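Shown next, in structure tokens, is the structure this report addresses.
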Amino acid sequence: MAKVQWGNTWEMSAVPYIPVPNLVVEHCQNLLQAGVQGLMVSWTLGGYPSPNFEAAEAYYFSPMPEGGEALLQVAERRYGREAAGGVRAAWDALSKAFQEFPMEGGDVVYRVPTQHGPANPLRLHPTGYQAGMVLFPYDNYKAWVGDYPVEIAEGQFEKMATLWEVGLDKFRQALTKVPKNKLAAAQKDLGIAETCGLHFRSVANQMHFYRLREDWLAAEPGQRASVAARLKKIAEGEIELAKRQYFLARQDSTIAYEASNHYYYRPLDLVEKVINCQHAISLLEESVAKS
């Protein structure tokens, strides 16, 4: 038997599932080829009903289906025949993007702030706190990356977020062809996918911010202006991500919830993040004015 989590695991548990059913199909095929005959299919996370489970279900019975056929059937049932092809293209892009996740670096999936995304505050001055498992990333960015150099991990999250946006564009286009009776569920699925992308982008931003913070703190007062401008730009970007995530979180109460940890954030935490970033920007502007 094999323990599997079709929906998600700690690499991104702030959503009920990660919309990458292509990777689930690939995993099912590999398990069958390895002779696995039984599954434990959940944990405290990863058990939410999703297209991932629907795709995996096709492999619970013989004969083993073709991967593309199984995915197309799921897309047709969930989004209608006219939208199915576009959704399949979106899943292709999202699955390709998710393969860039820097997952092999020790306990990176437990400490990196993918669970909190744009709700994690920016600290202009080091807190000195150590990152805890899942709930408390703080600003301990060197502990977020496991065995990876910070620049490499940051680059991977940036790459993943950029590729993810390609899949989101295809998903949005496909939704124009979804029939009315399936549209509400499809819009919820899009919100889940958008949340993933915003979290990935925010993690890249936060790593970049803290790398630059080291330069800002080490610089002489008269040399801080250029670094401060770059830090300010990142903070402004985080404000926009937090605003976008606020509306998604208001629309879907499953976002940012995980059964064993409850809510990683609620909508007002994203409001607090906006205020936090505005305060950081003010401090950066003051530091430049004084230098």
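Laid out as a table, the results:
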| quantity | calculated |
| --- | --- |
| Selection within the range 5-40 - assigned to a loop (DSSP other than H, G, I, E, B) and more than 20 Å from N261 (Cα to Cα) | P19, V20, A34, G35, V36, Q37, G38 |
| One residue from T162, T176 being closer than 23 Å to K233 by Cβ, out of contact with any helix residue (DSSP H, G or I) (no Cβ under 7 Å at 6 or more places or on another chain) and surrounded by fewer than 18 Cβ atoms within 10 Å (Cβ to Cβ) | T162 |
| Filter result (farther than 24 Å from W144 by Cα, under 17 Å from the mean Cα position of the chain (by Cα) and buried (at least 21 other Cβ atoms within 10 Å of the Cβ)) within the range 25-50 | S50 |
| Residues of the range 16-42 that turn out to be closer than 20 Å to Y79 by Cα and aliphatic (A, V, I, L, M), as a count | 5 |
| Residue tally, condition among the aromatic types (F, W, Y) and under 15 Å from the mean Cα position of the chain (by Cα), over the range 137-168 | 3 |
| Selected residue (only one of R250, R201 is closer than 30 Å to A90 by Cβ, basic (K, R) and under 16 Å from the mean Cα position of the chain (by Cα)) | R201 |
| G146, sole failed condition from (1) at pLDDT 95 or above; (2) closer than 26 Å to Y257 by Cβ | (1) |
| Of residues in the range 1-16 being among the polar types (S, T, N, Q) and within 11 Å of the chain's Cα centre (by Cα), the one surrounded by the fewest Cβ atoms within 10 Å (Cβ to Cβ) | N8 |
| Restricting the range 217-233 to residues that are surrounded by 20 or more Cβ atoms within 10 Å (Cβ to Cβ) and of a type in the set (A, V, I, L, M, F, W, C), the residue that is nearest to K273 (Cα to Cα) | L231 |
| Any chance D139 is part of a loop (DSSP other than H, G, I, E, B), in contact (Cβ under 8 Å) with a residue 12 or more places away in the chain, of a type outside the set (A, V, I, L, M, F, W, C) and touching a Lys or Arg at 6+ places or on another chain (Cβ under 7 Å) | yes |
| Odd one out for L168, checked against (1) aliphatic (A, V, I, L, M); (2) assigned to a helix (DSSP H, G or I); (3) over 23 Å from R81 (Cα atoms); (4) touching a residue at least 24 places away in the same chain (Cβ under 8 Å) | (3) |
| Enumeration of residues in the range 62-114 that are part of a loop (DSSP other than H, G, I, E, B), more than 17 Å from the chain's Cα centre (by Cα) and either of a type in the set (S, T, Y) or at pLDDT 90 or above (or both) | S62, G80 |
| Sole residue being farther than 22 Å from V203 by Cβ, touching a residue at least 12 places away in the same chain (Cβ under 8 Å) and of a type in the set (K, R), chosen from R111, R77 | R77 |
| Counted residues, the range 125-139 - those being modelled with pLDDT of 90 or more and either within 15 Å of E100 (Cβ to Cβ) or crowded, with 19+ Cβ neighbours inside 10 Å (or both) | 4 |
| Enumeration of residues in the range 277-291 that are of a type outside the set (V, I, T) and either surrounded by fewer than 21 Cβ atoms within 10 Å (Cβ to Cβ) or within 20 Å of the chain's Cα centre (by Cα) (or both) | Q278, H279, S282, L283, E285, E286, S287, A289, K290, S291 |
| Check on Q187, over 30 Å from V74 (Cα atoms) and of a type in the set (S, T, N, Q) | no |
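The values are calculated or read from the model by the stated rules, or taken from the named source; none is laboratory data. Note that the coordinates shown come from a computational prediction; the quantities given were computed from them, not determined experimentally. Here the Cβ is made from the backbone with ideal geometry for all residues, glycine too, and neighbour counts use every protein chain on show.
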